[in-house]
C-alpha cells in the first residue's frame, strides 16, 4: 500500500487479543495491519507450557501458540509490520499511528498493547521465567504440586495468589518488604489464617538460582541486612502489572493506567478506537479472555465501519 492509503483497521499489539482481532478483521475482508512490535507475541512469550487454553489436550508452549495464531491470521489476510509504535494521534480521523519509519493512517484502531508484570529486577529472575519463576498463579500453580514456593508481594493480588497456590503447593511463603501487608483486611485475614501460608517480613529476594529450574533464593533482611539462602521450588512475583498505555496518556480515558471501555463492549472514549486484552483488563488477565476481547473488538470495529458505510479497501 502506498503512503497515502488509509487502512480500515490498524491493530497495535500482537498478543492473544491483537492476533485474534486480526483474525476476525481479516475474515471480514477488511485487510487489517497489525503493528506487532519488535518483541511480538505478548506475555505468552515468557511462559513455557500453557495448559489452560482450550483445544490443546496436552498443552502447548506459549510461543508456539502465538506463532500458530499469527499464521492463522496471516492466512486469512492480515498483514504485519514488525516495528514498535512510537506515537499515536487519536485526535483526528483518520487516526495516525507512527513507528520509527512509517506513518499509518487508519479509519479504526484496535489497541491491544497488553500489560507488563512488574518484576523484582534481581539476578536470575528473568533467566528462570517459565522455569520456576512465574507472574501468574492461575497459569502456573498446577505445575507446583507438593512443592514449596515463595510469593513476593503484600497487596490483594499477592494474597489472592498465595491463597490459590495452597491448592497445589505443600508450603507457601509470602515474602514482603514491609512489616505489614497492604492488602485489604479480608484478604489479609484469609492468608494469615491459612495453615499452609507462612510469612517472612521486612525482606526481599537478592538473587534467584537453580539449574534447569529454580532451586533456591538468597533473601536479604532489610532491617538487619543479614542474608540467608533458602531452598525453594518456585517464585511467584505478585507486585502488580503495568498496562502498556504510555502512548495513549492524555488522549484516551484511563483508570489506574488501564484503558476505560464502555461496559460490555471494547469501545474507548474515542469513537473508532477500541481496546482489548490486558491493556484494559486488570481483573482476569488470561490468554483466553484477551482472545475473547480481541474478537469483540474486531466485531465492534467492523460494525462501526459498516455504520459509516465506508467502502471496503478492496473496492476502493
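What percent does the relative contact order of region 113-232 come to when contacts are Cα pairs within less than 8 Å and at least six residues apart?
After rounding, I find 23 percent.
Report the calculated FRET efficiency for residue 49 and residue 118 (r = Cβ-Cβ distance, R0 = 30 Å), to the nearest 0.05. Kindly include the intermediate steps, with their values, before the conclusion.
Values: r = 23 Å, r/R0 = 0.77.
Given R0 = 30 Å and the Cβ-Cβ separation, E is 0.85.
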Rounded to the nearest 10, the angle in degrees between the Cα long axis of helix 156-165 and the longest principal axis of the Cα atoms of the chain comes to 70
If you compute semi-axes √(5λ) of the Cα gyration tensor in Å for the structure shown, which of (1) 28, 25, 20; (2) 41, 19, 17; (3) 31, 26, 22 do you land on?
-> (2)
Select from 298, 74, 276 the residue whose mean-square fluctuation is largest in a Gaussian network model of the chain (Cα-Cα springs shorter than 10 Å).
-> 74
Among 270, 205, 104, residue whose mean-square fluctuation peaks in a GNM of the chain (springs only between Cα atoms under 10 Å) | 270
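If packing is taken as the average count of other Cβ atoms within 10 Å, what order do 164-170, 39-45 fall into, highest mean first? Provide the component values of the computation, followed by the final result.
On the way: 164-170: 18.1, 39-45: 21.0.
So the order, starting with the most tightly packed, is 39-45, 164-170.
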Rounded tilt (10° steps) of 287-307 against the dominant C-alpha axis of the chain | 20
So what's the angle, to the nearest 10 degrees on a 0 to 90 scale, between helix 62-75 and the longest Cα principal axis of the chain?
-> 10
Stokes-Einstein, Kirkwood over Cα pairs, region 178-316, 37 °C, 0.692 mPa s; D in µm²/s equals 169
Please identify, among 208, 34, 57, the residue showing maximal mean-square fluctuation in a Gaussian network model of the chain using a 10 angstrom Cα cutoff.
-> 57
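Can you tell me what the convex hull of the Cα atoms of region 119-237 projects to on average, as an area in nm²?
6.5
Read-outs: derived from the displayed coordinates by stated rules, not from any lab. Predicted model, so just to flag it, every value in this text is computed and none were measured. Cβ: placed from backbone, ideal geometry, glycine included. Neighbour counts: every protein chain shown.
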